[in-house]
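The next block holds one structure in the form of structure tokens; read it before the comments.
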Amino acid sequence: MGMFNSLRINASGLTAQRTRMDVVSQNIANANTTRTDAGGPYRRKEVSFEPLLQSRMEDLADGIIHQGVRVAGISEDRRPPRMVYDPGHPDADANGYVAHPNVEIVREMADLITSVRAYEANVTAFNASKNLFLKALEIGRR
């Protein structure tokens, strides 16, 4: 494993968590959007991750080395919209119900906090690696 792999792994985690924070922010911003260009209410989006793998037979018996994480995709949550009785709303159906996004603010805030904590952990690990490299350079100068 190369000297800078730890930095690359942490950087991939930072990028992935930043994408997750962006999607959560989009979900929160659209929590009350009852009409989109596609028709119907906004649908909550979810981020899925997958490991970055590198095959190197000489390093491990199974030949797989984890090289970080990446965003595998952003998908729509398939849960049905929340139906709210509001016959005066312009998007109300014939029965007076309005389809609201399937976004739950409490769930989004929990996802945001989790993502921020993971981002902070990657920053801490990145800085620890950087400090180790600096100490190694100091030792080499002596």
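Note on Leu52: accessible area is roughly 50 Å² with a 1.4 Å probe, heavy atoms of protein only. Annotation: per residue accessible area for the chain equals 65 Å², rounded to a whole number [probe 1.4 Å, protein chains only]. Taking only protein heavy atoms and a 1.4 Å probe, the accessible area of the chain is 57% carbon and sulfur.
For P(r) over Cα pairs in 10 Å bins from 0, in percent, the value calculated from this model appears in (i) 13, 45, 34, 8, 0; (ii) 14, 48, 33, 6, 0; (iii) 11, 27, 24, 17, 11, 6, 3, 1, 0 under label (iii). On C-alpha positions alone, give me the angle between the axis of helix 105-141 and the longest principal axis of the chain, in degrees, nearest 10. Taking Cα atoms only, the helix is inclined about 10 degrees. Seen against the Cα atoms of the chain and their longest principal axis, helix 5-29 is set at about 10 degrees.
The values are calculated or read from the model by the stated rules, or taken from the named source; none is laboratory data. Treat the numbers as computed from the prediction; the structure is a model and nothing was measured. In case anyone asks, the SASA skips ligands and DNA or RNA and just uses the protein heavy atoms, side chains included. Shrake-Rupley method; radii C 1.70, N 1.55, O 1.52, S 1.80 Å.
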